[in-house]
Amino acid sequence: MAGIAMTGPVPVRIPVTVSATLAANEALAAKRRRGERVLPLAFGEAGLPVLPLLRTALAEAGGRNAYGPVAGLTALREAAAGYWARRGLPADPAAVVCGPGSKPLLYAVLLALGTDVAVPRPSWVSYAAQAGMIGTRPHFVPTVPGQGGVPDPALLAQAVTGARADGRHIGAVIVTLPDNPTGTLAQAGTVRELCEVASEHDLVIISDEIYRDLIHDPAATFTSPAALAPERTVVTTALSKNLALGGWRIGVARLPGGGQVAPPAARLRDRVASIASEIWSAPAGPIQQAAAVAFAEPPEVTERVARSRRLHAAVARAVAARFAAAGVPGPVPGAAFYLYPDFTPWRELLAARHDVTTSQDLATLLLDRYATGVLPAAAFGEPAGALRLRVATGLLYGSTGEQRESALAAPDPLALPWIAAALTRLDEILADLGAG
Ligand SMILES: Cc1ncc(COP(=O)(O)O)c(C=O)c1O
């Protein structure tokens, strides 16, 4: 007998691949299991231990076994509102929705909006993937050189108009402040112009500020679109990076209006909450309670974030300096634990000696020959031939909790033997790669 007969239309399947970051991480883990010495520069993990205060708060909340409200516990929404208020973005707890990480919150916001979305080129791997999964289209718009994370406002306006002429409706734009993959922060003027374009074309701005607390220079001016265009900006953040709690899976979104939830913001909040209710119901109760402690920012938390920021700055800048010394330039990292070296000066050398012509070829060569994990620029929406890589340094702080604590406490983390060894290994790899 023949197989199952298909009657009716074949369902449309949207291609879904494993996130490039997770795929690179798995390949590296397999090499490590085989005993190879790996250099883990692919995964955007903050690579630091849990602050003891938060560990205790989580343990004490273990009895919280009810589902709880979809938008999150009042204590967490109030704490998140306070967190934003201390950063000049007053928020009504009613305008806050919590989720199991900011990634699902971003997905829920995109699904709730249901329009095409403009995303920076380059930008974090998941924005475009999520837009594709919900059946809308991401439109990549290049950033201003040196200012990652924000589409060039003039090019954004052109993209919106051009898309309309093609029958597509771009109703939202995503910005990353500061940026992953480039580790840079867009200037206030660029954010202002972006807000003007958004207002002119009636775009919702989705401002992903997950790295905000990790800007290396704490005195740097940070301009959120939510301060300039509050009526149209959604802000998302989480504890995954500033407190290295990615595995706790907790994120928060501040819906437009922030201080007061007027319609259409209330409609958006209700749609996001409805989506949440059908997908995750509510974030894990004990995690929410511990997250409320973190967002309230007692001195231990502030101190931990400040130390983490210093460590990330020292190591990311040292790694960038190694690339630059080898003749591979890139923007000086200004936030978090990322750098974005540009191998364009090596283009001929890489093609002639290694048959490498794309960022994917280069990432594959580094993985296969040197057990070094990095992400190709192509994963961030760049053209295949753009010879850039996203290098993440958060997993260089050590392989044990003890080593990572030492890295946090060290006045000169670069002098720690395991960090120094990783830097030396990078020098060797770059020298060997350049030599053919
Ligand atoms: C720019 C950016 N946004 C959002 C996320 C998602 O983080 P989470 O879901 O842990 O909140 C990440 C994680 O790598 C990221 O780099």
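Quick one: accessible area per residue over the chain, 1.4 Å probe, rounded to a whole number of Å²? Show your work: numbers first, answer last.
Values: 18010 Å² over 436 residues.
Here the per-residue accessible area is 41 Å².
Post the alpha-carbon centroid distance, the stretch 82-101 to the stretch 190-204, in whole angstrom.
Using only Cα atoms to place each centre, the spacing works out to 22 Å.
Would you mind giving the three semi-axes, in whole Å and largest first, of the ellipsoid equivalent to the stretch 173-246 according to its Cα gyration tensor? Display every interim value, and only then the final one.
Details: eigenvalues 96, 38, 19 Å².
Square roots of five times the eigenvalues give 22, 14, 10 Å.
List the chymotrypsin sites (Phe, Trp or Tyr not before Pro) within the stretch 242-321 that DSSP assigns to loop and that have no more than 10 neighbouring Cβ atoms inside 10 Å. Working shown, then result.
On the way: sites: 248, 280, 295; in loops: 280.
Filter output for the stretch 242-321: empty list.
Per 10 Å bin, what is the whole-percent P(r) computed from every C-alpha pair distance within the stretch 29-78?
Values per bin, smallest distances first: 17, 27, 25, 21, 10.
Kindly provide the chymotrypsin sites (Phe, Trp or Tyr not before Pro) of the stretch 24-97 that DSSP labels as loop, not H, G, I, E or B, and whose Cβ sees at most 16 other Cβ atoms within 10 Å. Don't jump to the answer; show the numbers that get you there.
Working: sites: 43, 67, 83, 84; in loops: 43, 67.
Sparse-neighbourhood loop chymotrypsin sites (Phe, Trp or Tyr not before Pro): 67.
Rank these by accessible area, largest first, 1.4 Å probe: 429, 275.
Details: 429 5, 275 25 Å².
The most accessible residue leads, giving 275, 429.
Ranked from the most accessible area to the least, with a 1.4 Å probe and all protein chains present, what is the order of 152, 368?
Solvent-accessible surface, decreasing: 368, 152.
From largest accessible area down, sort 26, 300; use a 1.4 Å probe on the protein chains. Intermediate values should be presented prior to the final figure.
Working: 26 120, 300 90 Å².
Reading off the accessible areas and sorting them downward yields 26, 300.
Over the C-alpha atoms of the chain, what are the Rg and the largest Cα-to-Cα span, Dmax, in Å?
Expressed in Å, the Cα Rg and Dmax of the chain come to 21.9, 73.
Return the FRET efficiency for the residue pair residue 365, residue 67: r is the Cβ-Cβ distance, R0 is 45 Å, and the value is rounded to the nearest 0.05.
Details: r = 48 Å, r/R0 = 1.07.
After rounding, the FRET efficiency stands at 0.40.
Check each of the chymotrypsin sites (Phe, Trp or Tyr not before Pro) in the stretch 312-396 and keep only those in coil by DSSP with at most 12 other C-beta atoms within 10 angstrom; list them in order. Let's see the in-between values first.
On the way: sites: 323, 337, 338, 343, 346, 370, 380; in loops: 337, 343.
The qualifying sites: there are none.
Determine the sum of side-chain charges near residue 374: Lys and Arg each +1, Asp and Glu each -1, restricted to other residues whose C-beta is under 11 angstrom from that of residue 374.
Working: positive: 388, 390; negative: none.
Once all neighbours under 11 Å are counted, the net charge is +2.
Evaluate the relative contact order of the chain (contact order divided by residue number), counting alpha-carbon pairs under 8 angstrom at least 6 apart; express in whole percent. Display every interim value, and only then the final one.
On the way: 873 pairs, mean separation 98.9, N = 436.
Relative contact order comes out at 23 percent.
Hey, what's the Kirkwood Rh for the stretch 142-197 if you take every pair of different alpha carbons, in angstrom?
11.6 Å
The values are calculated or read from the model by the stated rules, or taken from the named source; none is laboratory data. The structure displayed is predicted, hence computed values, not measured ones. Methodologically, a virtual Cβ is constructed for each residue, glycine included, from the backbone with ideal geometry; neighbour enumeration extends over all protein chains shown. Note: accessible area is taken over every heavy atom of the protein model, side chains too, but ligands, DNA and RNA are not part of it. Shrake-Rupley method; radii C 1.70, N 1.55, O 1.52, S 1.80 Å.
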